[in-house]
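A.B. asks: Okay, handing you the structure first.
The values are calculated or read from the model by the stated rules, or taken from the named source; none is laboratory data. This is a predicted model, so every value here is computed, not measured. Note that we place each Cβ from the backbone using ideal geometry, even for glycine, and neighbour counts take in every protein chain shown. Keep in mind that these areas ignore ligands, DNA and RNA; they rest on the heavy atoms of the full protein, side chains included. Shrake-Rupley method; radii C 1.70, N 1.55, O 1.52, S 1.80 Å.
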Amino acid sequence: MEERNLTQNESLEIITRMIKETRNNLEKDGGSIYLLWGYVWLFVSLAIYFLLMKTGDYRMQWLWFAIPLIGYPGMIYLLKKEKRGAITFAGRVIGNIWIVIGVVAALLSLYMFIDYKAFPILFTMALLINTGVAMSGLIIKFKPIIIAGFLGILLSFVILMLNGLDQILIFSLFAVIMLIIPGHILNAASRKVKKA
Amino acid sequence: MFKDLDPLLHSQLRLAVISILVSVEEADFVYLREKTGSTGGNLSVQLEKLNEAGYIEIEKGYSGKRPRTLCRITEIGRNAFEQYVEALKSYFKATT
(Lines give C-alpha, C1' and ligand atoms only; values in the text may rest on other atoms or scores of the structure.)
Protein backbone atom coordinates (compact mmCIF):
# COMPACT_ATOMS: atom_id res chain seq x y z
CA MET A 1 0.00 0.00 0.00
CA GLU A 2 1.40 3.35 -1.05
CA GLU A 3 1.12 6.75 0.56
CA ARG A 4 -1.08 8.75 -1.84
CA ASN A 5 -4.35 10.63 -1.94
CA LEU A 6 -7.56 8.85 -2.81
CA THR A 7 -10.79 9.25 -4.68
CA GLN A 8 -13.99 8.95 -2.65
CA ASN A 9 -14.69 5.53 -4.16
CA GLU A 10 -11.24 4.27 -3.24
CA SER A 11 -11.74 5.52 0.34
CA LEU A 12 -14.99 3.64 0.64
CA GLU A 13 -13.43 0.51 -0.81
CA ILE A 14 -10.52 0.61 1.68
CA ILE A 15 -12.81 1.12 4.68
CA THR A 16 -15.10 -1.73 3.62
CA ARG A 17 -12.23 -4.12 2.85
CA MET A 18 -10.33 -3.47 6.08
CA ILE A 19 -13.40 -3.78 8.31
CA LYS A 20 -14.38 -7.00 6.50
CA GLU A 21 -10.88 -8.42 7.09
CA THR A 22 -11.24 -8.15 10.86
CA ARG A 23 -14.97 -8.87 11.20
CA ASN A 24 -15.79 -11.75 13.58
CA ASN A 25 -13.14 -14.01 12.10
CA LEU A 26 -10.71 -13.52 14.94
CA GLU A 27 -13.04 -15.04 17.56
CA LYS A 28 -13.87 -17.94 15.29
CA ASP A 29 -10.23 -19.07 15.32
CA GLY A 30 -10.67 -20.75 18.73
CA GLY A 31 -11.59 -24.23 17.48
CA SER A 32 -8.30 -25.87 18.46
CA ILE A 33 -8.72 -24.78 22.11
CA TYR A 34 -12.19 -26.38 22.22
CA LEU A 35 -10.68 -29.56 20.75
CA LEU A 36 -7.79 -29.63 23.23
CA TRP A 37 -10.09 -29.38 26.28
CA GLY A 38 -12.65 -31.69 24.67
CA TYR A 39 -10.25 -34.56 23.96
CA VAL A 40 -8.44 -34.23 27.32
CA TRP A 41 -11.80 -34.24 29.08
CA LEU A 42 -13.07 -37.23 27.05
CA PHE A 43 -9.99 -39.42 27.51
CA VAL A 44 -9.52 -38.63 31.21
CA SER A 45 -13.17 -39.23 32.10
CA LEU A 46 -13.31 -42.47 30.08
CA ALA A 47 -10.05 -43.60 31.71
CA ILE A 48 -11.54 -42.93 35.16
CA TYR A 49 -14.75 -44.74 34.17
CA PHE A 50 -12.92 -47.89 33.07
CA LEU A 51 -10.41 -47.85 35.93
CA LEU A 52 -13.20 -47.49 38.50
CA MET A 53 -15.14 -50.27 36.80
CA LYS A 54 -12.12 -52.59 36.82
CA THR A 55 -10.67 -51.81 40.23
CA GLY A 56 -13.49 -50.20 42.22
CA ASP A 57 -10.77 -48.09 43.84
CA TYR A 58 -12.16 -44.60 44.39
CA ARG A 59 -8.68 -43.10 44.62
CA MET A 60 -8.88 -43.14 40.81
CA GLN A 61 -10.95 -39.97 41.19
CA TRP A 62 -7.64 -38.12 41.71
CA LEU A 63 -7.18 -38.47 37.99
CA TRP A 64 -9.75 -35.68 37.44
CA PHE A 65 -6.94 -33.27 38.22
CA ALA A 66 -5.21 -34.48 35.04
CA ILE A 67 -7.73 -32.37 33.06
CA PRO A 68 -6.45 -28.96 34.25
CA LEU A 69 -2.88 -30.25 34.53
CA ILE A 70 -2.84 -31.16 30.81
CA GLY A 71 -5.40 -28.58 29.62
CA TYR A 72 -3.89 -25.34 30.94
CA PRO A 73 -0.29 -25.86 29.70
CA GLY A 74 -1.72 -27.07 26.38
CA MET A 75 -3.92 -23.99 26.08
CA ILE A 76 -1.02 -21.63 26.87
CA TYR A 77 1.06 -23.40 24.20
CA LEU A 78 -1.74 -23.09 21.61
CA LEU A 79 -2.37 -19.41 22.39
CA LYS A 80 1.33 -18.65 21.94
CA LYS A 81 1.48 -20.65 18.70
CA GLU A 82 -1.62 -19.06 17.19
CA LYS A 83 -0.64 -15.50 18.11
CA ARG A 84 -3.39 -13.44 16.53
CA GLY A 85 -1.91 -9.96 16.44
CA ALA A 86 -5.20 -8.27 17.24
CA ILE A 87 -7.79 -8.43 19.97
CA THR A 88 -11.45 -7.62 19.43
CA PHE A 89 -13.88 -6.58 22.13
CA ALA A 90 -15.76 -9.90 21.77
CA GLY A 91 -12.49 -11.85 22.02
CA ARG A 92 -11.54 -10.10 25.26
CA VAL A 93 -15.01 -10.66 26.78
CA ILE A 94 -14.91 -14.39 25.95
CA GLY A 95 -11.39 -14.68 27.38
CA ASN A 96 -12.50 -13.04 30.63
CA ILE A 97 -15.59 -15.26 30.91
CA TRP A 98 -13.37 -18.36 30.72
CA ILE A 99 -10.93 -16.96 33.28
CA VAL A 100 -13.85 -16.56 35.73
CA ILE A 101 -15.17 -20.05 34.91
CA GLY A 102 -11.68 -21.50 35.36
CA VAL A 103 -11.31 -19.89 38.79
CA VAL A 104 -14.77 -21.07 39.93
CA ALA A 105 -14.10 -24.60 38.63
CA ALA A 106 -10.77 -24.69 40.52
CA LEU A 107 -12.43 -23.51 43.76
CA LEU A 108 -15.24 -26.08 43.42
CA SER A 109 -12.70 -28.86 42.87
CA LEU A 110 -10.59 -27.77 45.82
CA TYR A 111 -13.67 -27.69 48.08
CA MET A 112 -14.05 -31.41 47.44
CA PHE A 113 -11.01 -31.89 49.71
CA ILE A 114 -13.01 -30.33 52.58
CA ASP A 115 -16.34 -32.04 51.97
CA TYR A 116 -16.71 -34.27 48.92
CA LYS A 117 -20.45 -34.71 49.56
CA ALA A 118 -21.20 -30.96 49.73
CA PHE A 119 -22.61 -30.80 46.18
CA PRO A 120 -22.80 -33.05 43.12
CA ILE A 121 -19.47 -32.06 41.57
CA LEU A 122 -19.99 -33.58 38.11
CA PHE A 123 -23.38 -31.86 37.71
CA THR A 124 -22.01 -28.53 38.98
CA MET A 125 -18.98 -28.67 36.66
CA ALA A 126 -21.04 -29.68 33.64
CA LEU A 127 -23.55 -26.87 34.28
CA LEU A 128 -20.78 -24.31 34.81
CA ILE A 129 -18.82 -25.20 31.68
CA ASN A 130 -21.92 -25.54 29.49
CA THR A 131 -22.96 -22.06 30.63
CA GLY A 132 -19.59 -20.76 29.42
CA VAL A 133 -19.99 -22.52 26.08
CA ALA A 134 -23.51 -21.06 25.57
CA MET A 135 -22.31 -17.53 26.47
CA SER A 136 -19.32 -17.80 24.11
CA GLY A 137 -21.61 -18.96 21.31
CA LEU A 138 -23.99 -16.05 21.86
CA ILE A 139 -21.15 -13.52 21.87
CA ILE A 140 -19.66 -14.73 18.58
CA LYS A 141 -23.16 -15.38 17.18
CA PHE A 142 -22.23 -18.90 16.10
CA LYS A 143 -25.21 -21.27 16.06
CA PRO A 144 -23.44 -24.65 16.57
CA ILE A 145 -21.79 -23.37 19.77
CA ILE A 146 -25.06 -21.82 21.03
CA ILE A 147 -26.94 -25.09 20.44
CA ALA A 148 -24.13 -27.16 22.02
CA GLY A 149 -24.11 -24.91 25.10
CA PHE A 150 -27.86 -24.95 25.70
CA LEU A 151 -28.14 -28.66 24.93
CA GLY A 152 -25.34 -29.24 27.44
CA ILE A 153 -27.12 -27.12 30.08
CA LEU A 154 -30.26 -29.23 29.68
CA LEU A 155 -28.35 -32.53 29.66
CA SER A 156 -26.40 -31.54 32.79
CA PHE A 157 -29.56 -32.28 34.77
CA VAL A 158 -29.47 -35.87 33.53
CA ILE A 159 -26.41 -36.35 35.77
CA LEU A 160 -28.65 -35.70 38.80
CA MET A 161 -30.92 -38.54 37.72
CA LEU A 162 -28.08 -41.06 37.51
CA ASN A 163 -25.88 -42.77 40.05
CA GLY A 164 -22.27 -43.91 40.31
CA LEU A 165 -20.38 -44.79 37.16
CA ASP A 166 -23.18 -43.81 34.81
CA GLN A 167 -22.68 -40.20 35.89
CA ILE A 168 -19.07 -40.35 34.69
CA LEU A 169 -20.10 -41.87 31.37
CA ILE A 170 -22.59 -39.05 30.71
CA PHE A 171 -20.00 -36.52 31.86
CA SER A 172 -17.58 -37.84 29.23
CA LEU A 173 -20.30 -37.52 26.59
CA PHE A 174 -20.47 -33.78 27.35
CA ALA A 175 -16.93 -33.38 26.06
CA VAL A 176 -18.12 -34.60 22.66
CA ILE A 177 -21.32 -32.51 22.56
CA MET A 178 -20.08 -29.18 23.85
CA LEU A 179 -16.40 -29.13 22.95
CA ILE A 180 -15.32 -31.66 20.32
CA ILE A 181 -18.18 -31.28 17.79
CA PRO A 182 -18.32 -27.44 18.08
CA GLY A 183 -14.50 -27.32 17.93
CA HIS A 184 -14.43 -29.19 14.61
CA ILE A 185 -17.28 -27.00 13.24
CA LEU A 186 -15.44 -23.84 14.34
CA ASN A 187 -12.23 -24.97 12.64
CA ALA A 188 -14.10 -25.79 9.45
CA ALA A 189 -15.82 -22.36 9.51
CA SER A 190 -12.49 -20.62 10.16
CA ARG A 191 -10.82 -22.48 7.25
CA LYS A 192 -13.73 -21.52 4.96
CA VAL A 193 -13.41 -17.82 5.90
CA LYS A 194 -9.62 -17.86 5.35
CA LYS A 195 -10.03 -19.46 1.91
CA ALA A 196 -12.67 -16.89 0.82
CA MET B 1 -22.25 21.61 0.36
CA PHE B 2 -19.36 19.14 0.66
CA LYS B 3 -17.77 18.58 4.02
CA ASP B 4 -13.96 18.65 3.97
CA LEU B 5 -12.25 15.28 4.09
CA ASP B 6 -9.70 15.07 6.90
CA PRO B 7 -6.33 15.20 5.03
CA LEU B 8 -4.71 13.01 7.66
CA LEU B 9 -7.15 10.20 6.95
CA HIS B 10 -7.47 10.84 3.24
CA SER B 11 -4.45 8.73 2.43
CA GLN B 12 -4.47 5.08 1.50
CA LEU B 13 -2.38 3.56 4.28
CA ARG B 14 -3.50 5.80 7.15
CA LEU B 15 -7.15 5.22 6.27
CA ALA B 16 -6.57 1.45 6.12
CA VAL B 17 -4.88 1.47 9.55
CA ILE B 18 -7.67 3.51 11.15
CA SER B 19 -10.35 1.31 9.51
CA ILE B 20 -8.74 -1.77 11.10
CA LEU B 21 -8.30 -0.11 14.49
CA VAL B 22 -11.98 0.94 14.71
CA SER B 23 -12.90 -2.75 14.40
CA VAL B 24 -10.52 -4.18 17.02
CA GLU B 25 -9.50 -3.24 20.55
CA GLU B 26 -5.82 -3.35 19.68
CA ALA B 27 -3.59 -4.64 16.91
CA ASP B 28 0.14 -5.19 16.70
CA PHE B 29 2.51 -3.88 14.05
CA VAL B 30 2.86 -7.23 12.26
CA TYR B 31 -0.92 -7.66 12.01
CA LEU B 32 -1.34 -4.16 10.58
CA ARG B 33 1.49 -4.71 8.10
CA GLU B 34 -0.04 -7.99 6.91
CA LYS B 35 -3.60 -6.69 6.62
CA THR B 36 -2.62 -3.48 4.83
CA GLY B 37 0.04 -5.12 2.66
CA SER B 38 2.41 -2.24 3.36
CA THR B 39 6.14 -2.17 3.99
CA GLY B 40 7.39 -1.92 7.55
CA GLY B 41 9.16 1.39 6.96
CA ASN B 42 6.16 3.11 5.41
CA LEU B 43 3.82 1.77 8.07
CA SER B 44 6.11 3.08 10.84
CA VAL B 45 6.07 6.57 9.34
CA GLN B 46 2.28 6.62 8.93
CA LEU B 47 1.68 5.24 12.44
CA GLU B 48 3.88 7.98 13.83
CA LYS B 49 1.81 10.63 11.98
CA LEU B 50 -1.42 9.20 13.38
CA ASN B 51 0.13 9.05 16.83
CA GLU B 52 1.33 12.68 16.65
CA ALA B 53 -2.21 13.77 15.72
CA GLY B 54 -3.54 11.88 18.74
CA TYR B 55 -5.61 9.53 16.55
CA ILE B 56 -3.91 6.40 17.86
CA GLU B 57 -1.78 5.43 20.82
CA ILE B 58 1.28 3.27 20.43
CA GLU B 59 2.61 0.99 23.14
CA LYS B 60 6.01 -0.56 22.74
CA GLY B 61 6.72 -3.68 24.74
CA TYR B 62 7.84 -7.26 24.52
CA SER B 63 6.11 -10.55 23.74
CA GLY B 64 8.51 -13.04 25.30
CA LYS B 65 11.90 -11.87 24.07
CA ARG B 66 10.60 -10.24 20.89
CA PRO B 67 9.75 -6.54 20.73
CA ARG B 68 6.08 -5.88 20.04
CA THR B 69 4.36 -2.63 19.04
CA LEU B 70 0.68 -2.40 19.92
CA CYS B 71 -1.65 0.21 18.44
CA ARG B 72 -5.05 1.37 19.67
CA ILE B 73 -7.42 3.99 18.32
CA THR B 74 -8.16 6.93 20.65
CA GLU B 75 -11.45 8.78 21.14
CA ILE B 76 -10.06 11.59 18.95
CA GLY B 77 -9.24 9.07 16.23
CA ARG B 78 -12.67 7.44 16.46
CA ASN B 79 -14.39 10.85 16.14
CA ALA B 80 -12.16 11.80 13.22
CA PHE B 81 -13.02 8.53 11.47
CA GLU B 82 -16.76 9.06 12.03
CA GLN B 83 -16.52 12.59 10.64
CA TYR B 84 -14.53 11.29 7.66
CA VAL B 85 -17.26 8.73 6.91
CA GLU B 86 -19.94 11.44 7.25
CA ALA B 87 -18.02 13.66 4.84
CA LEU B 88 -17.67 10.76 2.44
CA LYS B 89 -21.42 10.15 2.62
CA SER B 90 -22.10 13.78 1.67
CA TYR B 91 -20.05 13.30 -1.54
CA PHE B 92 -22.00 10.22 -2.50
CA LYS B 93 -25.36 11.83 -1.68
CA ALA B 94 -24.44 14.78 -3.90
CA THR B 95 -23.50 12.53 -6.82
CA THR B 96 -26.58 10.25 -6.68
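A.B. asks: Might you check whether a residue that is among the charged types (D, E, K, R), part of a loop (DSSP other than H, G, I, E, B) and more than 19 Å from A:LEU69 (Cα to Cα) occurs anywhere in the stretch A:162-169?
C.D. replies: no
A.B. asks: Do we have any residue at all in the stretch A:153-174 that's within 17 Å of A:SER136 (Cβ to Cβ), among the polar types (S, T, N, Q) and surrounded by 18 or more Cβ atoms within 10 Å (Cβ to Cβ)?
C.D. replies: Checking the stretch A:153-174: at least one residue is within 17 Å of A:SER136 (Cβ to Cβ), among the polar types (S, T, N, Q) and surrounded by 18 or more Cβ atoms within 10 Å (Cβ to Cβ).
A.B. asks: Tell me, please, whether a residue that is farther than 23 Å from A:HIS184 by Cβ, open to solvent by 70 Å² or more (accessible area, probe 1.4 Å) and not acidic (Asp, Glu) can be found in the stretch A:135-149.
C.D. replies: No.
A.B. asks: For A:ALA86, are the conditions met, namely being touching a strand residue (DSSP E or B) at 6+ places or on another chain (Cβ under 8 Å), of a type in the set (Gly, Ala, Ser) and at negative phi?
C.D. replies: yes
A.B. asks: List every residue pair whose Cβ atoms lie under 6 Å apart, where the two residues are 6 or more positions apart in sequence or sit on different chains, the first residue falls within the stretch A:180-196 and is assigned to a helix (DSSP H, G or I) and of a type outside the set (A, V, I, L, M), and the second residue, located anywhere, is open to solvent by 100 Å² or more (accessible area, probe 1.4 Å) and modelled with pLDDT of 90 or more.
C.D. replies: Here the result reads none, with nothing in the stretch A:180-196 linked to a residue that is open to solvent by 100 Å² or more (accessible area, probe 1.4 Å) and modelled with pLDDT of 90 or more.
A.B. asks: Sticking with this one: Please give the number of the condition B:GLY40 fails out of (1) touching a Lys or Arg at 6+ places or on another chain (Cβ under 8 Å); (2) more than 23 Å from A:GLU21 (Cα to Cα).
C.D. replies: With respect to (1) touching a Lys or Arg at 6+ places or on another chain (Cβ under 8 Å); (2) more than 23 Å from A:GLU21 (Cα to Cα), B:GLY40 is out only on (2).
A.B. asks: Output yes when any residue across the stretch B:79-88 is over 14 Å from the mean Cα position of the chain (by Cα), surrounded by 15 or more Cβ atoms within 10 Å (Cβ to Cβ) and within 16 Å of B:LEU9 (Cα to Cα), and no when none is.
C.D. replies: There is at least one residue in the stretch B:79-88 that is over 14 Å from the mean Cα position of the chain (by Cα), surrounded by 15 or more Cβ atoms within 10 Å (Cβ to Cβ) and within 16 Å of B:LEU9 (Cα to Cα).
A.B. asks: Give me the helices (runs of 4 or more DSSP H) completely within the stretch A:4-110, filtered to those with at least 3 residues that are within 14 Å of another protein chain (Cβ to nearest Cβ) and modelled with pLDDT of 85 or more, ordered by residue number.
C.D. replies: Where helices (runs of 4 or more DSSP H) fall fully within the stretch A:4-110 and carry at least 3 residues being within 14 Å of another protein chain (Cβ to nearest Cβ) and modelled with pLDDT of 85 or more, they are A:8-22.
A.B. asks: Looking at (1) closer than 13 Å to B:LEU70 by Cα; (2) open to solvent by less than 30 Å² (accessible area, probe 1.4 Å); (3) polar (S, T, N, Q), which is the only condition B:SER44 fails?
C.D. replies: In the conditions (1) closer than 13 Å to B:LEU70 by Cα; (2) open to solvent by less than 30 Å² (accessible area, probe 1.4 Å); (3) polar (S, T, N, Q), B:SER44 misses (2) alone.
A.B. asks: Got at least one residue in the stretch A:114-130 being on the phi > 0 side of the Ramachandran plot and either loosely packed, with under 14 Cβ neighbours inside 10 Å or of a type in the set (Asp, Glu) (or both)?
C.D. replies: No, the conditions are met nowhere in the stretch A:114-130.
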